[in-house]
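Have a look at the structure below before the remarks.
The numbers here are math on the coordinates, done by the rules we state, and not lab data. Fair warning: this is a prediction, and the values are worked out from it, not measured in the lab. When we count neighbours, we look across all protein chains shown, and the Cβ atoms used for this are built from the backbone with ideal geometry, even at glycine.
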Amino acid sequence: MKLFLALTLVVAVAGLHAQALHAQESYAGSDALDKAIEQVVSARAIPGAVLIVGQGDKILHRKAYGYRALLPSPEKMTVDTIFDIASLTKVVATTPAMMQLVEQGRVRLEDPVTKYLPGFQGAGITVAQLMTHYSGLRADVDLDPPWNGYAVGIGRALAEKPVTPPGESFTYSDINFILLNEIIRTVSGEPLNEYARKHIFEPLKMKGFCGTMPSCWRRRRWSRSPRS
């Protein structure tokens, strides 16, 4: 039987019964896993981590290591620490959302992006090329001078043109998924965080994923402060 292992679990594991989350059964490989993570923490490669090993609907090993914050004062990591999954949003939310729309026939992978976002300046780039990072777009939009806001970010992404011919080479690009998020919003009428909550996370009973952290969770958040 297969085991699943997650190093930085965000908050919740889909499909696990509440009582299973508190189970601490013996697991033959736990000592080796503990040692491996503790070595990484001791080497200051990461401030801390949370490990869960599960089988079926049971948690075999669940442990926190190191610190979740170092500045302004150290805070020990706890098993219920909340992590910002950052670019994992691309595969945890954006990709399944897009594929649901494809499955429903509302988006086609071979369509040009301009079909859904007429203001996009990257003529000839397809939805599939955004998803596979073969669009030819830069890695990211300019961050200087400083700016903020969804509308500004989308406006900058729409103004981008490929720097290499679409389909020619792989370049990991945040712009690709900024545009995909806007396609999701345009086609479904819902921003990504709402679409993912309603159509992906809630059906899977993944109650610990969200786009904006509730204030009651903030004491459990993970800080990206560097190790001093």
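Tabulated data
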| item | result |
| --- | --- |
| For Leu60, residues with placed amide H under 5 Å, excluding near neighbours | Val53, Gly54, Gln55 |
| Packing-based exposure ordering (other Cβ within 10 Å, fewest first) of Met98, Met131 | Met131, Met98 |
| Cβ charges +1 (Lys, Arg) and -1 (Asp, Glu), total dipole of segment 87-201, debye | 260 debye |
| Exposure proxy order (Cβ contacts within 10 Å, fewest to most) of Val79, Val91, Val127 | Val91, Val79, Val127 |
| Normalised contact order of segment 39-155, rounded percent, pairs of Cα under 8 Å and 6 or more residues apart | 12 percent |
| Given Lys35/Lys205; Lys63/Lys205; Lys76/Lys207; Lys161/Lys207; Lys35/Lys58, the pairs whose alpha carbons are separated by over 30 Å | Lys35/Lys205; Lys161/Lys207 |
| Cross-link partners of Lys90 among aspartates and glutamates (Cα-Cα below 19 Å; sequence separation of 8 or more within a chain) | Glu103, Asp140, Asp174, Glu182, Glu190, Glu194, Glu202 |
| As computed over segment 87-201, the Cα convex hull volume per residue (Å³) | 98 Å³ |
| Sequence-separation-based contact order of segment 107-192, relative, with Cα cut under 8 Å and 6+ spacing, percent | 35 percent |
